[in-house]
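The values are calculated or read from the model by the stated rules, or taken from the named source; none is laboratory data. Just so it is clear, the model here is predicted, and its values are computed rather than measured. Glycine gets a Cβ as well: all are built from the backbone with ideal geometry, and neighbour counts include every protein chain shown. To get the accessible areas, we keep the full protein, side chains included, count just its heavy atoms, and leave off ligands, DNA and RNA. Shrake-Rupley method; radii C 1.70, N 1.55, O 1.52, S 1.80 Å.
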Amino acid sequence: MPQLSPADVRAALVKRAPAPVYLILGDDEAEMSNLAADITALVEEELRAFNVDRLYAGDKGASPASIVEAARLLPMMGDRRLVLVLRAERLLKPKRKGRSAEMDEENGGDEVEPPSDLDALTDYVQSPVPSTTLVLVSSDLDKTRKIGKAILKHAAIVECWGLKNEKNPRFVDFRATARRAEELVRRTVAGAGQQIEPGAARLVAERAGIDIVRLRGDLERLMLYTVGKPAITLADAQEVVSAETAQDDWAVTSAIQQRNAAEALRQLALAMDAGAVPYMILGQLGWFVRDKLSAVDPRRVPRAVDALFRADLDLKSSGGDPKVLLERLVVELCERERRA
């Protein structure tokens, strides 16, 4: 089924036309919780004791068979039953031994999967009860398993990755992310009946990077700190908001790909301050040039390889401060081709 946005789901709820099975997938716990609560509101409050089951996957009484049994019950004194399964990643992406997981990835999940207790849930997803809405709230999904394939084909999937477009983005558009974060800050503050100075909103957004949990936490503390004040000022934000740290392991290469030298240098400084090893950063930049840059902009590769070689030689021969050498390399990788 096509992926839906939270807004799409809420529009369907207004029409009382929910999907029979939802997978709410992501790491934005606040949005996921709000969306699950909105779906739960399909059942009248006075009937929720009879028609809403809230289960935690993996706990006693929350096996796949128990979930299916609850979903197959008919609603009592109403037209809708709801089964909400939290921490569903315990069923949908259980921890497996490294070699087994690697083999699955290599084979694309084509090996025959032995029967398991998840088969009952797989069968239900493929043929759900129309009067029940099953909601699976999960931080991950194993797409190579039968249950994962069934969910991708038959369930309505709602992804909530906060400020990211996917779970593990290799490259991030920092300008777009900052705009989304700043807009979220302003919208949240306005919704609480407060005001915020542009500089304060910008600071909260910049400090969070792509970490939606940190953004919401900082914003909540800031709003509590400024209760009763006419507006949240930049000074308030500087007093309360967490110190800036590196949020993305690939932030430097993302900025280099966009030729954003200022952002690349900022992210490099954050990584170094957080204790990153210079040789590890150099190896990451080497991977970027070999595997990524050669595919997206091969004209930049010869000069990039030359810059990498010189930086590697200087690091190994103690030819300068490692941070300065890496900063020089980052700037060279961001430079546009010189014209004759």
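Odds and ends about this structure:
- Within the assembled protein chains, the solvent-accessible surface assigned to F174 is about 40 Å², based on a 1.4 Å probe.
- Cα-based shape type of the chain, given that a ≥ b ≥ c are square roots of the gyration tensor eigenvalues and the cut on a/c is 1.5: oblate
- The Q258 and V324 beta-carbon pair, evaluated with R₀ = 30 Å, returns a calculated FRET efficiency of approximately 0.85.
- Percent RCO, i.e. relative contact order, over region 181-295, from Cα pairs under 8 Å lying at least 6 residues apart: 21
- Three-way shape label, region 11-70, alpha-carbon gyration tensor, a/c 1.5: oblate
- Dipole of region 270-328, positive direction: furthest Cα of G275, V305, L315, with charges on the beta-carbon: V305
- In plain terms, the chain from Q126 to D38 could stretch by 29.3 nm, reckoned as 0.36 nm per residue minus the Cα-Cα distance.
- Normalised per residue, the accessible area of the chain is 53 Å², obtained with a 1.4 Å probe and no contribution from ligands, DNA or RNA.
- Other residues lying with their Cβ under 14 Å from the Cβ of A192 contribute a combined charge of +4, Lys and Arg counting +1, Asp and Glu -1.
- Net charge of Cβ neighbours under 10 Å - reference A62; Lys, Arg +1; Asp, Glu -1: +2
- With a cut-off of 11 Å between beta carbons, the residues surrounding A36 carry a summed charge of -2, where Lys and Arg count +1 and Asp and Glu -1.
- Compared with the dominant Cα axis of the chain, that is its longest principal axis, helix 301-316 is turned about 80°.
- Region 182-340: C-alpha gyration tensor shape, a/c 1.5 cut-off, then a/b vs b/c: prolate
- The solvent-accessible area of M76, taken with every protein chain present and a 1.4 Å probe, is close to 100 Å².
- Restraint check, K95/K153; K15/K95; K143/K292; K164/K292; K292/K323; K143/K164, Cα-Cα greater than 29 Å: K15/K95
- Lys, Arg +1 and Asp, Glu -1 on Cβ, resulting dipole of the chain about Cα centre, debye, nearest 20: 580
- Carbon-plus-sulfur accessible fraction, the chain (probe radius 1.4 Å, protein heavy atoms only): 53%.
- Note on M280/A12: beta-carbon distance plugged into 1/(1 + (r/R0)^6) with R0 of 51 Å gives a FRET efficiency of 0.65.
- With each label modelled as a point 7 angstrom along the Cα→C-beta vector, the E239-K60 pair spans 4.9 nm.
- Here the Karplus curve 6.51 cos²θ - 1.76 cosθ + 1.60, taken at θ = phi - 60°, turns the phi angles of region 118-124 into couplings of 6, 4, 5, 5, 4, 4, 5 Hz, with x standing for Gly and Pro.
- Ranked by how many other beta carbons lie within 10 Å on average, peptides 125-134, 292-301, 156-165 from highest: 156-165, 125-134, 292-301
- Just checking the listed ones, R328, R214, R186: in the Gaussian network model of the chain with Cα springs under 10 Å, the one fluctuating most is R328.
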